[in-house]
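Novice: Supplied in structure tokens, the structure appears directly below.
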Amino acid sequence: TVLVGVPADVEGMRESDPALAAEWRGALRDVLCELLTGGAVVRGFDRAGWYIVDRQETK
């Protein structure tokens, strides 16, 4: 299982620092694409907003 973090206030970041938000969005896309291409599955999100990604399918 891999946890992938996200900013606490993405909308606020888009308003206050659009360039940083775009950079962060690209980094998130790269990480998730690599995991998903490798067969991982997004299981959900935890209460803090992290993606929960399983590298192997659970039974």
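Novice: Here are some residues: 41, 10, 31. Which one is under 11 Å from the mean Cα position of the chain (by Cα) and of a type outside the set (Gly, Ala, Ser)?
Specialist: So the residue among 41, 10, 31 that is under 11 Å from the mean Cα position of the chain (by Cα) and of a type outside the set (Gly, Ala, Ser) is 31.
Novice: Would you please name the residue that is nearest to residue 44 (Cα to Cα), looking only at residues in region 1-23 that are open to solvent by 100 Å² or more (accessible area, probe 1.4 Å) and out of contact with any helix residue (DSSP H, G or I) (no Cβ under 7 Å at 6 or more places or on another chain)?
Specialist: To start, the set of residues in region 1-23 that are open to solvent by 100 Å² or more (accessible area, probe 1.4 Å) comprises 1, 8, 11, 14-15, 23.
Now restrict to residues that are out of contact with any helix residue (DSSP H, G or I) (no Cβ under 7 Å at 6 or more places or on another chain): 1, 8, 11, 15, 23.
Details: 1: 11, 8: 16, 11: 20, 15: 26, 23: 23 Å.
Only one residue tops the list, namely 1.
Novice: I'd like to verify a number: residues in region 1-53 that are among the aromatic types (Phe, Trp, Tyr) and without any contact (Cβ under 8 Å) to a residue 24 or more places away in the chain, how many?
Specialist: Taking region 1-53 and keeping what is among the aromatic types (Phe, Trp, Tyr), we get 24, 45, 50-51.
Then keep just the ones that are without any contact (Cβ under 8 Å) to a residue 24 or more places away in the chain; that gives 24, 45.
Residues that pass the stated criteria total 2.
Novice: Would region 24-44 turn up any residue that is in contact with a helix residue (DSSP H, G or I) (Cβ under 8 Å, 6 or more places away or on another chain), on the phi < 0 side of the Ramachandran plot, open to solvent by less than 50 Å² (accessible area, probe 1.4 Å) and assigned to a helix (DSSP H, G or I)? Write out each step before concluding.
Specialist: Just the residues of region 24-44 that are in contact with a helix residue (DSSP H, G or I) (Cβ under 8 Å, 6 or more places away or on another chain), to begin with: 24, 42.
Next, from what is left, pick out any that are on the phi < 0 side of the Ramachandran plot: 24, 42.
Pick out the ones that are also open to solvent by less than 50 Å² (accessible area, probe 1.4 Å) and you get none.
No, region 24-44 has no match at all.
The values are calculated or read from the model by the stated rules, or taken from the named source; none is laboratory data. It should be emphasised that the depicted structure is a prediction, and the values quoted were computed from it without experimental measurement. Note that each Cβ is placed from the backbone with ideal geometry, even for glycine, and that neighbours are counted across all protein chains shown. SASA here: full protein model, heavy atoms, side chains in, ligands and nucleic acids out. Shrake-Rupley method; radii C 1.70, N 1.55, O 1.52, S 1.80 Å.
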